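My questions will all concern the structure given below.
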Amino acid sequence: MKRQIVYLLALGLLVIIGCQKELSFEGANTPAQGSLQSDASGDCLPKTVNGTYEAGTALVPATNTISVDINVTQTGTYLVTTDTVNGFYFSASGTFTALGNNTVTLRSNGTPFAAGVNNFVISFDSTFCDIQVTVLPAGAGGPAVFTLEGAPNACTGAIVNGSYATGLALTASNTVVINVNVTTIGTYNISTTYQGMVFSGTGAFINTGVQAVTLTGSGTPTTGGANTVPVTIGTSTCSFVVNVSSPAVGTLGGAPTACTPATVNGIYRVGDALTGANTVQVQINVTTGGVYSISTNTVTGFSFAGTGTVTAGPNQLIILTGTGTPATAGPQTFTVTFGTSSCTFTVDCLPALSNDYFPRTTNSNWSYEIDDDPLDSLYRTATSGTISAVSNTFNIFMQEDGVAPGLDSSGYYNRNIAAGEYNEWFDAGSYLGYDNPLWASYIFLKDNVPVGTSWNSQAFDGIATLPPPTPFSIRFKYSILQKDVPVSFTTSTGTMNFTNVIVVEERFQLFNAAISTWVDMTSQIGSGKAYYARGIGLIKYEVLNTTGAVAGQQELRRYQVF
């Protein structure tokens, strides 16, 4: 029978670790599922910081808050938290009652220790994004004093980003960077309005001297040509030029029915936020060159848009980039609009990938290749059967290794969703080579803890006749080595690519009664490393020798999860 690991303890105890490990209890309150919205760099979208943060001053939970957007794919209870940085953190809990985009406000707790820019990692479900909070030095919580570089003439070194055309609303890509000279640190609020355009920015200066400030645009330009936009702070005024073009005029290929041609790129799955790889290519026929801003409607949580400049001419291909997170599986039809012209295209969305890192649904099955030998394989399947033990219900797994005919028992597993824990119920006595059975459960995986988290199983106490009969106490130690990382490997059936993989190290510890302490046995018997992919399960297991080198492995080459 195939096994994941075979260890020989220095004491002569034969320890066999099978290709198992998992669990689950379904809680009474169903947790919500979804994803935090973020940009390509991992920053939260949007990322709104409210209140003033000053070193040594206790935060006010109702005032010092941050707001983030979450695309909800399953309603239910939620907990959104950050890590603790510089003495404070943020959190929010509640219940999502509606699918799609929801804004969550996290309240602060604690007192900042020191001034500086603090980067917080926000987590929800299995997703993460970053948000920056600036803490002022003690006593510097008032407004900053500063002047505009270049005043009273052109703003020195101003950088204008984005495309501008009359009648086209500005987006987050329309920004202006200007320089200021700070003489007193503190908070700032800069805003200017000109010819329908608004540029604004808020924040805090923690250093004096010349520094850059980014103003984000909104509104809709009303006047074409070179627009000289003034900015005023107190008695200091400078200006920058925004060149506003005329909008391009034309029609979409295939209008008013299906867009022709329309090429959809990328993978679309319920609950997975779109990236730069999710694009649609459409064709336009331009009669008057200029700036274009072409977008679609929003369908079940996501949409497509693109801006740029084109010259007059037929059959020009442009790229629309997707944003948002799909909330519904199946074909989704979008309407593209360019001026008064419109057409449609369809995007097929895959069902949501389960957040379960060890699925146990009936008839789900996995086939593994052992040590890169195409003739040496292991088949495992989750049956419809269950067994009750230690006040929980465990799913029954079976396996076939080609040695003995038919399926044989392969383990009993469940999952505690609320705690993010996966458990196995097993005969520790047989598993560890004891003389008598010793049934117990243990946690072999946690999916809601950060990298570096470790935990121990209970102690398994038994007697093994070596001879003579010798009492032993053994436990397992698990550590999260990596989380939500991509993993690829090649078997005889080709290359397998996985995302959202958790890598877990497992070790044996032996209790030494002489010194009353647990002793790590890695240097005597080696260790193991398990790879679990979200929505798929165990994809790889490595047996590591006493030096940490791979001595054996099993790799997933086919799977079907129901």
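Return the pairs, sorted by first residue and then second, in which the second residue is outside any strand (DSSP E or B) and of a type in the set (Ser, Thr, Tyr), the first residue lies in the range 248-270 and is more than 30 Å from Asn355 (Cα to Cα), the beta carbons are less than 9 Å apart, and the residues are 6+ apart or on different chains.
What qualifies is Ala248/Thr311; Thr251/Thr340; Leu252/Thr260; Gly253/Thr260; Gly254/Thr260.
Taking Val336 as the residue in question, decide whether it is surrounded by 14 or more Cβ atoms within 10 Å (Cβ to Cβ), among the aliphatic types (A, V, I, L, M), modelled with pLDDT of 95 or more and not assigned by TED's automatic domain parsing to the domain that holds Val501. Don't jump to the end; show me each part of the working.
Working: surrounded by 14 or more Cβ atoms within 10 Å (Cβ to Cβ): yes; among the aliphatic types (A, V, I, L, M): yes; modelled with pLDDT of 95 or more: yes; not assigned by TED's automatic domain parsing to the domain that holds Val501: yes.
Yes: the conditions hold for Val336.
Residue check: is Thr214 under 30 Å from Thr325 (Cα atoms) and touching a residue at least 40 places away in the same chain (Cβ under 8 Å)? Break it down into steps so the answer makes sense when it comes.
Numbers: under 30 Å from Thr325 (Cα atoms): yes; touching a residue at least 40 places away in the same chain (Cβ under 8 Å): no.
No.
Here is a further query. List pairs: first in the range 443-457 and without any contact (Cβ under 8 Å) to a residue 40 or more places away in the chain, second part of a strand (DSSP E or B) and hydroxyl-bearing (Ser, Thr, Tyr), Cβ under 6 Å, 6+ apart or cross-chain?
Sorted first by the residue in the range 443-457, then by its partner, the pairs are Ser454/Ser479; Trp455/Tyr478; Ser457/Tyr442.
Matching residues to (1) at pLDDT below 95; (2) farther than 30 Å from Ala114 by Cβ; (3) among the β-branched types (Val, Ile, Thr):
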position	(1), (2), (3)
Gly150	no, yes, no
Ala158	no, yes, no
Leu168	yes, yes, no
Val180	no, no, yes
Thr202	yes, no, yes
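Return the residues of the range 496-545 that are part of a strand (DSSP E or B), without any contact (Cβ under 8 Å) to a residue 24 or more places away in the chain and among the hydrophobic types (A, V, I, L, M, F, W, C); say none if nothing qualifies. Give the derivation first.
From the range 496-545, those part of a strand (DSSP E or B) are 496-512, 517-520, 527-533, 537-544; that's our starting set.
Within this subset, residues satisfying the condition of being without any contact (Cβ under 8 Å) to a residue 24 or more places away in the chain are 497, 512, 517, 519, 527, 542, 544.
Residues satisfying the conditions are Val519, Leu544.
In this structure, does Thr298 turn out to be outside the structural domain of Asn64 (by TED's automatic domain parsing), in contact with a Cys (Cβ under 8 Å, 6 or more places away or on another chain), surrounded by fewer than 17 Cβ atoms within 10 Å (Cβ to Cβ) and more than 30 Å from Asn181 (Cα to Cα)?
Working: outside the structural domain of Asn64 (by TED's automatic domain parsing): yes; in contact with a Cys (Cβ under 8 Å, 6 or more places away or on another chain): no; surrounded by fewer than 17 Cβ atoms within 10 Å (Cβ to Cβ): yes; more than 30 Å from Asn181 (Cα to Cα): yes.
Considered against the rule, which asks whether it is outside the structural domain of Asn64 (by TED's automatic domain parsing), in contact with a Cys (Cβ under 8 Å, 6 or more places away or on another chain), surrounded by fewer than 17 Cβ atoms within 10 Å (Cβ to Cβ) and more than 30 Å from Asn181 (Cα to Cα), Thr298 comes out as no.
Residues that are farther than 30 Å from Ala248 by Cα and not acidic (Asp, Glu): which strands (runs of 3 or more DSSP E) entirely in the range 111-216 hold 1 or more of them?
Values: elements: 116-124, 127-135, 145-148, 159-161, 175-184, 186-194, 197-205.
Hits in the range 111-216: 116-124, 127-135, 145-148, 175-184, 186-194, 197-205.
Pull up the range 258-274, narrow it to residues that are surrounded by 14 or more Cβ atoms within 10 Å (Cβ to Cβ) and part of a loop (DSSP other than H, G, I, E, B), then point me to the one that is modelled with the highest pLDDT.
In this case the residue turns out to be Cys259.
Of all residues in the range 83-101, which are assigned to a loop (DSSP other than H, G, I, E, B) and either under 20 Å from the mean Cα position of the chain (by Cα) or farther than 23 Å from Tyr53 by Cα (or both)? Show your work before the answer.
So in the range 83-101, the residues assigned to a loop (DSSP other than H, G, I, E, B) come out as 83-84, 86-87, 97-99.
Listed by number, the residues that qualify are Asp83, Thr84, Thr97, Ala98, Leu99.
The values are calculated or read from the model by the stated rules, or taken from the named source; none is laboratory data. Bear in mind that the values here come from a model prediction, so they are computed numbers and not experimental data. Glycine gets a Cβ as well: all are built from the backbone with ideal geometry, and neighbour counts include every protein chain shown.
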